[in-house]
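Peer 1: Take a look at the following structure, please.
The values are calculated or read from the model by the stated rules, or taken from the named source; none is laboratory data. Every value quoted in this text rests on a predicted model; they were computed, and no experiment measured them. Because the Cβ atoms are built from the backbone with ideal geometry, glycine has one as well, and the counts that use them run over all protein chains shown. Side chains included, ligands, DNA and RNA excluded: accessible areas come from the protein's heavy atoms. Shrake-Rupley method; radii C 1.70, N 1.55, O 1.52, S 1.80 Å.
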Amino acid sequence: RPPRSTLSSSSAASDVYKRQVEAPDQLLAEMLRIGNECIVSFPNFGNWRCRLQISMGKMPISLHLPNNWFDTPNIHLCTCQDFEILCDRLNINIVEKRYVNSKHNSKPFIKVAPNLLSAFAFYRLGKS
């Protein structure tokens, strides 16, 4: 029997576990030095609503990014694509990924263009 997906019940984790990280690349390396796998989640700064607000000259404020630019706990905003590039550069294996909307629902259309349509991203990472 195949193992049950670790991410299937993790969709609300980003609201519960927010942590400031000064060096995300070093944190990922350390997490995978200690364990064989880890789960990372973050708000997707590439979401179309964020892009629209930036095009109008303002930093985004939305359901998934509710803070002003000056009081945000997310000190390293990124897109899904940025994160996957970082994992590739660090030789980190993406075991599983899940993209959800601002209500933490995974909809099939989000998979078509996750960098544009997802509000949050969840990654299960492993050693390469």
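Peer 1: Kindly provide the set of residues from the range 38-72 that are under 21 Å from ALA23 (Cβ atoms) and either open to solvent by 90 Å² or more (accessible area, probe 1.4 Å) or under 14 Å from the mean Cα position of the chain (by Cα) (or both), ordered by number.
Peer 2: Scanning the range 38-72 gives CYS38, ILE39, VAL40, SER41, PHE42, PRO43, ASN44, PHE45, TRP69.
Yes/no per residue for (1) in contact (Cβ under 8 Å) with a residue 60 or more places away in the chain; (2) among the small types (Gly, Ala, Ser); (3) under 23 Å from LEU125 (Cβ atoms); (4) touching a helix residue (DSSP H, G or I) at 6+ places or on another chain (Cβ under 9 Å):
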site	(1), (2), (3), (4)
GLN26	no, no, yes, no
LEU32	yes, no, yes, no
GLY35	no, yes, yes, no
PRO43	yes, no, yes, yes
PRO73	no, no, yes, no
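Peer 1: Also, I was wondering about something else. For the range 23-37, give me each residue that is open to solvent by less than 40 Å² (accessible area, probe 1.4 Å) and over 14 Å from the mean Cα position of the chain (by Cα).
Peer 2: Quick first cut of the range 23-37, residues open to solvent by less than 40 Å² (accessible area, probe 1.4 Å) only: 23, 28, 32, 35.
ALA23, LEU32, GLY35 - these are the residues of the range 23-37 that are open to solvent by less than 40 Å² (accessible area, probe 1.4 Å) and over 14 Å from the mean Cα position of the chain (by Cα).
Peer 1: Of all the residues that make up the range 50-71, how many are touching a residue at least 40 places away in the same chain (Cβ under 8 Å) and under 11 Å from SER102 (Cβ atoms)?
Peer 2: Taking the range 50-71 as the starting set, the residues that turn out to be touching a residue at least 40 places away in the same chain (Cβ under 8 Å) are 51, 62-64.
Filter once more, keeping what is under 11 Å from SER102 (Cβ atoms): 62-64.
Counting residues in the range 50-71 that are touching a residue at least 40 places away in the same chain (Cβ under 8 Å) and under 11 Å from SER102 (Cβ atoms) gives 3.
Peer 1: In the range 79-106, which residues are closer than 25 Å to GLU30 by Cβ and among the β-branched types (Val, Ile, Thr)?
Peer 2: Of the residues in the range 79-106, the ones closer than 25 Å to GLU30 by Cβ are 79-98.
Residues satisfying the conditions are THR79, ILE85, ILE92, ILE94, VAL95.
Peer 1: Restricting to the range 1-22, what's the tally of residues that are within 17 Å of THR72 (Cβ to Cβ) and either surrounded by 18 or more Cβ atoms within 10 Å (Cβ to Cβ) or modelled with pLDDT of 50 or more (or both)?
Peer 2: Total meeting the criteria: 3.
Peer 1: Contact list please: Cβ distance under 6 Å, first residue in the range 98-119 and more than 18 Å from CYS50 (Cα to Cα) and touching a residue at least 40 places away in the same chain (Cβ under 8 Å), second residue aromatic (Phe, Trp, Tyr) and buried (at least 16 other Cβ atoms within 10 Å of the Cβ), pairs at least six apart or on different chains.
Peer 2: From the range 98-119, the pairs are ARG98/PHE122.
Peer 1: Let me ask you something else. Go through the range 74-101 and give me each residue that's open to solvent by 40 Å² or more (accessible area, probe 1.4 Å) and not charged (D, E, K, R).
Peer 2: First, the residues of the range 74-101 that are open to solvent by 40 Å² or more (accessible area, probe 1.4 Å): 75-77, 81-82, 84-85, 88-91, 93-95, 97-98.
Result: ILE75, HIS76, LEU77, GLN81, ILE85, LEU90, ASN91, ASN93, ILE94, VAL95.
Peer 1: Inside the range 47-124, counting only helices (runs of 4 or more DSSP H) that do not spill past its ends, which hold 3 or more residues that are closer than 25 Å to ARG33 by Cα? Reasoning before the result, please.
Peer 2: On the way: elements: 48-55, 80-89, 114-117.
Per the criteria, 80-89.
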